[in-house]
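Okay, so here's the structure we're looking at.
The values are calculated or read from the model by the stated rules, or taken from the named source; none is laboratory data. Nothing here was measured: the structure is a model prediction, and the numbers come from that model. Cβ coordinates were reconstructed from backbone atoms using ideal geometry, including for glycine residues, and neighbour counts include every protein chain displayed. For the accessible areas, the whole protein counts, side chains as well, though only heavy atoms, and no ligand, DNA or RNA atoms are used. Shrake-Rupley method; radii C 1.70, N 1.55, O 1.52, S 1.80 Å.
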Amino acid sequence: MAEAPKIPDEAETRARWGSFAWTDENQVKANEILGRYPKGREQSASIPLLDLAQRQVGAETQTQGWLPVPVIEFVARQISVPYMRVYEVVTFYTMFNLAPVGRFHVQVCGTTPCMLRGSDDVLAACKNRGLVKGGTTPDGMFTLTEVECLGTCANAPMVQINDDNFEDLDYDKTTEILEALANGGHPTPGPQFGRRASCPEGGPTSLKAMVDANHDYRGEWA
């Protein structure tokens, strides 16, 4: 389902990222992260440090961020483990990008619940906006990836765009969200047709008195 990342030429990557180092602000954050773990357990910090590094690359490139090999090597040195131990983490978690992505990384869930609820329509809206699976639009704005379950099955179909989930989608709503992002807007994440979190469509069907305030049902159940 997921497309293999198109990793850039190594010489080019090393020329650009071989001297990667934390910004002053991120150095403070990295020290804080490392301080959460006891001596000898620094490897436990690999995920938050990789996330921090990816966000720094994103800030420097005005994209959602990715992890060039020299940056992964830098994180490995930070926690004093072989490069391969960190590379294993990067390749396991889809939150990490091994190749450059656009400003907005559109990850469409194509697993069964989303497929049954219309993920094909979501992908069609992306295609008609010029997005191609596994590729980045020529303007560098969008990268489209089809992924496995993102854990919002009750609100299928959904997409994750950078750090936000957009749920209960259809063709028109997906198009609206992409257009808003392209024009500098900030579409509201979460369910798109009025329901709250993962409530049933049409609103709560049980414990309705608890929607807006605590309610003691015990007398009613006696």
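General remarks:
- In plain terms, the chain from L34 to A197 could stretch by 55.3 nm, reckoned as 0.36 nm per residue minus the Cα-Cα distance.
- Note on the stretch 102-189: Cα convex hull, mean projected area over all directions, 4.8 nm².
- Partnerless cysteines, meaning none of the other Cys C-beta atoms lie under 4.7 Å away, in the chain: C126, C149, C153, C199
- Per-residue HN-Hα couplings for the stretch 142-156 [Karplus 6.51, -1.76, 1.60; θ = phi - 60°; Hz; x = Gly/Pro]: 10, 10, 10, 9, 8, 10, 7, 3, 9, x, 10, 4, 5, 10, 5
- In this label model, Q62 and R16 are separated by 1.4 nm, measuring between points 7 Å along each Cα→Cβ vector.
- Value at 222 nm in deg cm²/dmol, rounded to 500, when DSSP H runs of n ≥ 4 in the chain each add -39,500 (n - 2.57): -11000 deg cm²/dmol
- As a calculated quantity, the FRET efficiency between E179 and M84 at R0 = 41 Å, using C-beta atoms, amounts to about 0.45.
- Here the dipole of the chain is about 520 debye; that uses its Cα centre as origin and unit charges on the Cβ of Lys and Arg (positive) and Asp and Glu (negative).
- Kirkwood-type radius of the chain, with distances r between different C-alpha atoms, in Å: 19.6
- Compactness of the stretch 9-90 as Cα Rg over 2.2 N^0.38 Å, two decimals: 1.05
- Ranking by accessible area, most exposed first, for K39, K29 with a 1.4 Å probe: K39, K29
- Positive-end residue, the chain charge dipole about Cα centroid, Cβ charges, pick of P204, Q192, Q56: Q56
- Backbone amide hydrogens, once placed in the peptide plane, bring F142 within less than 5 Å of R103, F104, T137, excluding anything fewer than 5 places away on its chain.
- Backbone amide hydrogens, once placed in the peptide plane, bring N165 within less than 5 Å of G190, excluding anything fewer than 5 places away on its chain.
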